[in-house]
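Asker: The structure is given below, and queries will be raised subsequently.
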């Protein structure tokens, strides 16, 4: 397969080794199924790739993230840059783990804790909060007190997508509640969205992809 059909020289990529991802970029393209990448780094520390070990290469496009398996087949140097030669083992596939991928997100959230009584929702407690992160399936946010697992929470927030503010109001269940480590800190709730419409699911999916691409361009992880 021709890597120039889906990669560009100089493009930033992620290299996944044993479940962890490290930053790199495409330095060269040799034979039709080979690429050379810069030494993967973690916080300015080189990451060793053993000869003949298998890795995953992850790259980013406006319509999502893609990955393909590759095998380390050697090293090379060009203008004092150490490169790792990789043999591409399969065609790229669209990344399939976005549902659980959480992006850091600090936005205002209005939360309403409800109790289901005779098919009507009664407000038990409401509070203003700030989010911690967001995924297609849920959100992390701060809370002034603890809530039991399964408690129903309506979260209302706005996200910026394609130049517009999209306002969302989603029902969710408390999936985890973490107690504060120090006096004065707040509880942390992890909520799982429920009864999400197909339109909202598509919006969340596209927004997560947008934020993942932004993170990668900023060099964040």
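Asker: Quick check: is even one residue across segment 141-151 in contact with a helix residue (DSSP H, G or I) (Cβ under 9 Å, 6 or more places away or on another chain), loosely packed, with under 12 Cβ neighbours inside 10 Å and not assigned by TED's automatic domain parsing to the domain that holds residue 65?
Answerer: No: segment 141-151 contains no residue that is in contact with a helix residue (DSSP H, G or I) (Cβ under 9 Å, 6 or more places away or on another chain), loosely packed, with under 12 Cβ neighbours inside 10 Å and not assigned by TED's automatic domain parsing to the domain that holds residue 65.
Asker: Here is a list: 109, 58. Which entry is within 30 Å of residue 131 (Cα to Cα) and in the same structural domain as residue 155 (by TED's automatic domain parsing)?
Answerer: When all the criteria are applied, what remains is 109.
Asker: Checking residue 160 against (1) under 30 Å from residue 12 (Cβ atoms); (2) without any contact (Cβ under 8 Å) to a residue 24 or more places away in the chain; (3) assigned to a loop (DSSP other than H, G, I, E, B), which test does it fail?
Answerer: Tallying (1) under 30 Å from residue 12 (Cβ atoms); (2) without any contact (Cβ under 8 Å) to a residue 24 or more places away in the chain; (3) assigned to a loop (DSSP other than H, G, I, E, B), residue 160 fails exactly one: (3).
Asker: Let me ask something else. Can you confirm whether segment 37-53 contains a residue that is assigned to a strand (DSSP E or B), at pLDDT 90 or above and closer than 21 Å to residue 211 by Cβ? If you could, list the steps in order and put the result at the bottom.
Answerer: Here is the first cut: in segment 37-53, the ones assigned to a strand (DSSP E or B) are 37-38, 41-42, 45-46.
Of the ones still in play, those that are also at pLDDT 90 or above are 37-38.
Next, only the ones that are closer than 21 Å to residue 211 by Cβ stay: none.
No.
The values are calculated or read from the model by the stated rules, or taken from the named source; none is laboratory data. A quick note: this is a predicted structure, and the numbers were derived from the prediction, not measured. Neighbour counts are summed over all protein chains in view; Cβ atoms, including those assigned to glycine, are modelled from backbone coordinates with ideal geometry.
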